[in-house]
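The values are calculated or read from the model by the stated rules, or taken from the named source; none is laboratory data. For clarity, every value in this text was computed on a predicted model and none was experimentally measured. Neighbour counts run over all protein chains shown; Cβ positions are idealised from the backbone, glycine included. Just the protein is used for accessible areas: all its heavy atoms, side chains included, with ligands, DNA and RNA removed. Shrake-Rupley method; radii C 1.70, N 1.55, O 1.52, S 1.80 Å.
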Amino acid sequence: MHPPVNFDSLVLDAVLSDWVQALREFAVESVVVLGPDPFGGPTQRRVLALHPPSLLEAARALADSEDFGAPWRDSNAPLVAWQHVAKSAFESGSRWRRLWLAHGFQSVVRVAFALPGSRAFECFLFSPREFHDRAEAAPLAWSVLNLWPLLRSTLVEAQAVLSPRERECLALAFDGLTARESADRLACSERTVNYHLANAMAKLQVDNKLSAIQRACWLGAL
């Protein structure tokens with residue numbers, strides 16, 4: 001079962017829509033952002049963002065596939081790659097390729113942002129045009145790298161799993177500060193810091209700070 005996709009964020013939808021519009025000159029007509037399922041196994045991914053939303057079935061098929069997934073990340077494969085969608089499209093396990101081909105897409109550029117625990121955020125740009133060399137894919141990769149800070153912060157706000165104070169306390173713990181040191185930094189009591197850390201751990205379904213920090217990273221919150 002797939003978790004809900006946060007397409008109800010008007011800000012996120014506007015960011016993706018404007019981005020795709022800006023990429024029209026490179027014949028890009030769809031963007032998919034996948035991220036790790038913080039409550040799933042290392043191979044499980046979910047659709048975090050998509051434009052246009054009508055391609056949700058194809059995007060979920062990509063998330064469910066093993067292509068560009070954990071085996072790819074654990075190898076020496078590049079963080080930036082481009083492929084013809086038709087590659088292995090009619091072999092077992094390539095349902096996502098068949099779906100994207102059915103919508104008229106020929107090429108995909110994928111850019112990954114590595115996370116702890118062999119996870120990653122992945123941006124996929126789909127084009128109905130067939131790219132013939134790396135030079136055609138390079139401007140798209142640069143576009144992803146330039147937009148990623150804004151897109152990542154927008155995704156965090158759209159998911160809204162942790163409160164700003166919970167994220168702040170986790171960030172200080174990630175920097176190695178104790179609860180007392182974090183309290184001094186935030187001008188509050190140690191009890192208050194521990195309260196926010198406990199809430200964060202409950203929301204992230206873990207029982208220690210290290211695991212909470214790791215899952216917060218998988219959400220893009222840190």
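Observations on the structure shown:
- Here the Gaussian network model covers the chain, with springs between Cα atoms less than 10 Å apart; of C188, C169, C123, C188 fluctuates the most.
- For R45, residues with placed amide H under 5 Å, excluding near neighbours: D37
- Max mean-square fluctuation residue, GNM over the chain, Cα-Cα springs under 10 Å, options S75, S17, S153: S75
- Rounded to the nearest 20, the size of the Cβ-charge dipole of the chain about its Cα centre is 260 debye, with Lys and Arg at +1 and Asp and Glu at -1.
- Long hydrophobic helices in the chain, taken as whole DSSP H segments with a C-alpha length of 27 Å or more on their own axis and mean Kyte-Doolittle hydropathy at least 0.0: 134-159.
- Mean accessible surface per residue for the range 132-177, computed with a 1.4 Å probe while every protein chain stays in place, in Å²: 54 Å²
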